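The values are calculated or read from the model by the stated rules, or taken from the named source; none is laboratory data. Keep in mind it's a predicted model, so treat the numbers as computed, not measured. Neighbour counts are summed over all protein chains in view; Cβ atoms, including those assigned to glycine, are modelled from backbone coordinates with ideal geometry. Keep in mind that these areas ignore ligands, DNA and RNA; they rest on the heavy atoms of the full protein, side chains included. Shrake-Rupley method; radii C 1.70, N 1.55, O 1.52, S 1.80 Å.
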Amino acid sequence: MNAISLNSTDVPIEANPTFLFTSPHRSIRAYGVAERICLSACGAAHSDSFLQTAVQDAIDRARQAGQANPIVAGAIPFDIRQPCALFVPMSYAAFARESLIAEERRSVNAPTVLGMRSLPDKDGFKDAVSRAIAIFRAGTMSKAVLSRILEIELDQPVDVPGILSALAKQNPSGYHFKAPLSDGAILLGASPELLIRKDGVSIRSNPLAGSTKRRSDPDEDRLASRRLLQSNKDNFEHRLVIDEIQEALEPVCKALSTPAEPALMNTSTMWHLSTLITGELENRHTSALQLACRLHPTPAVCGYPTAESRSLIGDLEPFDRGVFSGAVGWCDSDGNGEWAVAIRCGTVRDRTIRLFAGAGIVEASDPESEWAETEAKLGTMLRAFGIETPERPACQ
């Protein structure tokens, strides 16, 4: 099967792609691995960086092998000093993402959970939040995103296509993805957050920061959304993200438009403050992958200032995030593509699942509320797996 134009949708789709990415704009499935690129993304906002040069060379070899418009796909880790999990597939095809939503889930019965643990546990997470708040009050840092991992062992292998279908049904407007990782695990998720999209000279980014849990009662849910929109704490957190993204994009854009106030975005489990930033590139040859490396990590997943918050995260989190809160997506040989923020996600390997959730911590944060936010965010993946926890029935 030869690679085809991403604009084509009239193609046969194989059941088990190596890589999958859906969006409201364009969705692709990719098959096989022609070449892996496992360099770090340090300095990769520039076309002559080690990573971008390696990507271009791999794309050139794929074109010489017969692909008309090769792509690079995969994941960039949270810590850009670590190797990326990128590859050039042997082939790919565009598809209508409604077909993923329409697919029947293969697993009828919810799996049996053999073991489950949170890293850190509730007390450990709240203690980390309290320590971060004390640092904000004493110094110049404004925000850090602290996270946790929920490790789950099942009695049976994970049904990856079934989970993707369930995620698409629960969150039809999100960015659904499946990406192979270098350690043999598979990254799965349904992110609500667009890091960057590039199409010709047009770009857009849709950062989210400031969140609250959805309520089952419609009146309470509307009240929760209004409170979020009016929250000084959440608007402050959101503004840090928007200002940083604008500052990163302005040098490469001849036009950039940012709304003065955030809007509301909702998923099945959360309300978010959302700002859609659009622009026009100065140089049409600047690629989506370059732009993703220019923006990542944003204060939405790291904090502000970036270097200080990343250092604090390393001190307070008892695990290595890997690709969690990194970026996942694709870029074609013309530089067009999309990258979503790797949140509302997890990795699977046979019967083992690792789920990720984080919360933006500022001086006005409350440790108990931030733990509750991570619990709500974990709900997206837990519901897709049909897993109950002591604090959350699967039907919520």
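Arg321 sits with roughly 10 Å² accessible to a 1.4 Å probe, with DNA, RNA and ligands left out of the calculation.
The residues of segment 226-332 have, on average, 41 Å² of accessible surface per residue, using a 1.4 Å probe with all protein chains present. The accessible surface of the chain, taken with every protein chain in place and a 1.4 Å probe, is 48 percent carbon and sulfur.
Take the alpha carbon atoms of segment 161-237, find their center, do the same for segment 59-81, and report the distance between the two centers in whole angstrom. Distance between centres, Cα-based: 25 Å. Think of the chain as a dipole: +1 on every Lys or Arg Cβ, -1 on every Asp or Glu Cβ, centred on the Cα centre; then among Asn283, Ile59, Val129, Ile59 lies furthest on the positive end. Electrostatic bookkeeping for Asp79 treats Lys and Arg as +1 and Asp and Glu as -1; over the other residues with beta carbon under 10 Å from its beta carbon, the sum is +2.
Could you work out [θ]222 nm for the chain from helices alone, using -39500 (n - 2.57) per DSSP H run of at least four and dividing by all its residues? Round to the nearest 500 deg cm²/dmol. Present the calculation step by step, with values, prior to reporting the outcome.
Numbers: 9 runs with 117 residues, N = 396.
Roughly -9500 deg cm²/dmol at 222 nm, from the helical runs in the chain.
With contacts taken as Cα pairs under 8 Å at a separation of at least 6 residues, segment 180-312 carries a relative contact order of 29 percent.
Inverting the pair-averaged 1/r between distinct Cα atoms of segment 312-370 gives 14.3 Å as its Kirkwood hydrodynamic radius. Under 8 Å for C-alpha pairs, at least 6 residues apart: give me the relative contact order for segment 74-190, rounded to a whole percent. It rounds to 30 percent for segment 74-190. The shape of the chain can be summarised by an equivalent ellipsoid whose semi-axes, obtained from the alpha carbon gyration tensor, come to 31, 26, 20 Å from longest to shortest.
P(r) for segment 76-189, from all Cα pairs and a bin width of 10 Å, is 10, 26, 33, 22, 8, 1 %, short bins first.
Measuring nothing but how far apart in sequence close Cα pairs (under 8 Å, 6+ apart) lie, relative to its length, the chain scores a relative contact order of 23 percent. Ordered from highest to lowest accessible area with the whole protein assembly present and a 1.4 Å probe, Lys169, Lys377, Lys143 read as Lys169, Lys377, Lys143. Panel note: the C-alpha atoms of segment 214-318, placed on their principal axes, show extents of 49, 36, 23 Å (largest first).
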